[in-house]
Amino acid sequence: MAKLNFGGVEENVVTREEFPLSKAQQVLKNETVAVIGYGVQGPGQALNQKDNGINVIVGQRKDSKTWDKAIRDGFVPGETLFEIEEALQKGTIICYLLSDAAQIALWPTVKKHLTAGKALYFSHGFGITFNEQTGIIPPKDVDVFLVAPKGSGTSLRRMFLQGRGLNSSYAIYQDATGKAFDRVIALGIAVGSGYLFETDFKREVYSDLTGERGTLMGAIQGIFAAQYEVLRAKGHTPSEAFNETVEELTQSLMPLVAENGMDWMYANCSTTAQRGALDWWKKFRDVTKPVFNELYESVAAGKESQRSIDSNSRPDYREKLEVELKELRESELWQAGKTVRSLRPENQNASAKENTSSTKEVFRKQALKTESIG
Ligand SMILES: NC(=O)c1ccc[n+]([C@@H]2O[C@H](COP(=O)([O-])OP(=O)(O)OC[C@H]3O[C@@H](n4cnc5c(N)ncnc54)[C@H](OP(=O)(O)O)[C@@H]3O)[C@@H](O)[C@H]2O)c1
């Protein structure tokens, strides 16, 4: 384990250099890793482990399209693909990758198969941290840990196939066998993590719930909507409002921030943009900070987890979700976005290419914009 300096704070990090795949294979050589659930994380983690030479099986309910997907991905019924309970019985390490709501429903079955010395693995601190709400309380004689990839299971797989790795956090909640550290890190490497940083279950879930409600998803949509609505109210066209609110951010600026950091992006934009950004960012921080505090308190009080459990456990969950997504999809902002996306050169079909003057004008403006931002 290495200690790395993150902006002046030292943290424990495990990289593939200190814990190579060969070591992970050695640690896991006598284990059967049962990946329970084949939704989003399940495929990424199971396929990466399989390709990394780990003895992995999948547990998935049978009357489901997901079962067929696992077969299409190369898992063989009766050999490496089983009904959930059979996989639970065979597995020595149980990777509990059902949706968080399903984890609550299936817990009594899982618990039955957690015999001494087995390990229970999560990719989220939710079930354990909010155990008063979830009822997930593991027996004392099993290891309990997590590896939480910081991204979608799809990205985990895609990056693995590209020879890259998504970073993940890891945490140990219970070390019953004395082998929990080696087991969790071996699994983290085997599922395709680029490196692993240390956390605990509570911090993992508090930060995750805050992040997805905040800047990663909730806050960003809120800020997009606010700016777009102001620009529209002041007479700007939808295409202009969308370009200035979303398109330039996702297409031009965020990739630069991802590569080099915010200071670099500020240093490499026009002096007009630079001055404005430096003058305004603290105001936005100060205005939104109370909302982030309110959000964190709501997470810590268990209100967000309870709301998520209540709404995701309802039988009409999918229909209600679709109504809310439809509202977003049909909003003028995202309808404008659809047209803007279709105008990207890589998305243009032949007929759009023929649609000359107005399209060319949009390209010209976009090109000018991109140049001015550098
Ligand atoms: N999504 C991500 O990329 C991501 C990222 C980091 C961490 N995580 C964590 O990883 C874990 C898995 O998340 P996920 O997004 O991969 O889950 P998901 O896609 O929502 O999980 C779906 C899986 O759960 C099964 N399932 C749902 N309800 C069930 C029920 N009542 N009985 C039996 N099986 C049921 C589904 O089977 P059917 O298809 O048959 O319904 C499918 O196999 C969660 O703890 C999550 O917080 C997820």
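The values are calculated or read from the model by the stated rules, or taken from the named source; none is laboratory data. All values reported here derive from a predicted model rather than from experimental measurement. Every residue, glycine among them, receives a Cβ derived from its backbone with ideal geometry; neighbour counts consider all protein chains shown. All accessible areas refer to the heavy atoms of the entire protein, side chains included, with ligands and DNA or RNA removed. Shrake-Rupley method; radii C 1.70, N 1.55, O 1.52, S 1.80 Å.
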Exercise for the section: Using the heavy atoms of the protein chains and a 1.4 angstrom probe, tell me the accessible area per residue for region 174-302 in square angstrom. Expected result: 56 Å²
Exercise for the section: Please identify, among 147, 58, 257, the residue showing maximal mean-square fluctuation in a Gaussian network model of the chain using a 10 angstrom Cα cutoff. Expected result: 257
Problem - Positive minus negative residues near residue 206 (Lys, Arg vs Asp, Glu; Cβ under 13 Å) - result: -2
Problem - Average accessible surface area per residue within region 9-50, 1.4 Å rolling probe, Å² - result: 42 Å²
Handout entry: For the chain, size of Cβ-based charge dipole, Lys and Arg +1, Asp and Glu -1, in debye
Key = 460 debye
Practice task
Between beta-carbons, use under 11 Å as the cut-off and find the net charge around residue 126, counting Lys and Arg +1, Asp and Glu -1.
Solution key: -3
Handout entry: Estimated vicinal HN-Hα couplings, Hz - region 207-224 in sequence order (Karplus 6.51, -1.76, 1.60; Gly, Pro = x)
Key = 5, 5, 5, 5, x, 6, 6, x, 4, 5, 9, x, 5, 5, 5, x, 5, 4
Practice task
Can you figure out the FRET efficiency of residue 221 with residue 29, using R₀ = 51 Å and their beta-carbon distance, to the nearest 0.05?
Solution key: 0.65
Exercise for the section: Would you kindly derive the ³J(HN,Hα) couplings of region 49-62 from the backbone phi angles with the Karplus curve 6.51 cos²θ - 1.76 cosθ + 1.60 (θ = phi - 60°), listing them in order in whole Hz, with x for Gly and Pro? Expected result: 5, 4, 5, 8, x, 8, 7, 10, 10, 10, x, 8, 5, 7
Practice task
Mind giving me the FRET efficiency for residue 264 and residue 230? R0 is 22 Å, r the Cβ-Cβ distance, nearest 0.05 is fine.
Solution key: 0.20
Problem - the chain: radius of gyration and largest Cα-Cα distance (Dmax), Å - result: 23.6, 71
Fill in the blank from the handout: Reduced to Cα centres, the span from region 35-110 to region 171-234 in Å works out to 22 Å
Handout entry: For region 82-159, accessible area per residue (1.4 Å probe, heavy atoms of protein chains only), Å²
Key = 37 Å²
Handout entry: Accessible carbon and sulfur surface of region 197-349 relative to its total accessible area, %, 1.4 Å
Key = 57 percent
Handout entry: Overall form of region 116-188 per C-alpha gyration tensor (a/c, 1.5; a/b vs b/c)
Key = oblate
Handout entry: Accessible carbon and sulfur surface of region 42-175 relative to its total accessible area, %, 1.4 Å
Key = 48 percent
Handout entry: Antiparallel %, DSSP beta bridges [both residues in the chain], to 5
Key = 40 percent
Exercise for the section: With a/c under 1.5 counting as rounded, go ahead and sort region 75-122 into rounded, prolate or oblate using the C-alpha gyration tensor (a ≥ b ≥ c being the square roots of the eigenvalues; past the cut-off, prolate if a/b is larger than b/c, else oblate). Expected result: oblate
Handout entry: Expected 222 nm ellipticity per residue - DSSP helices of 4 or more, -39500 (n - 2.57), all of the chain, to 500
Key = -16500 deg cm²/dmol
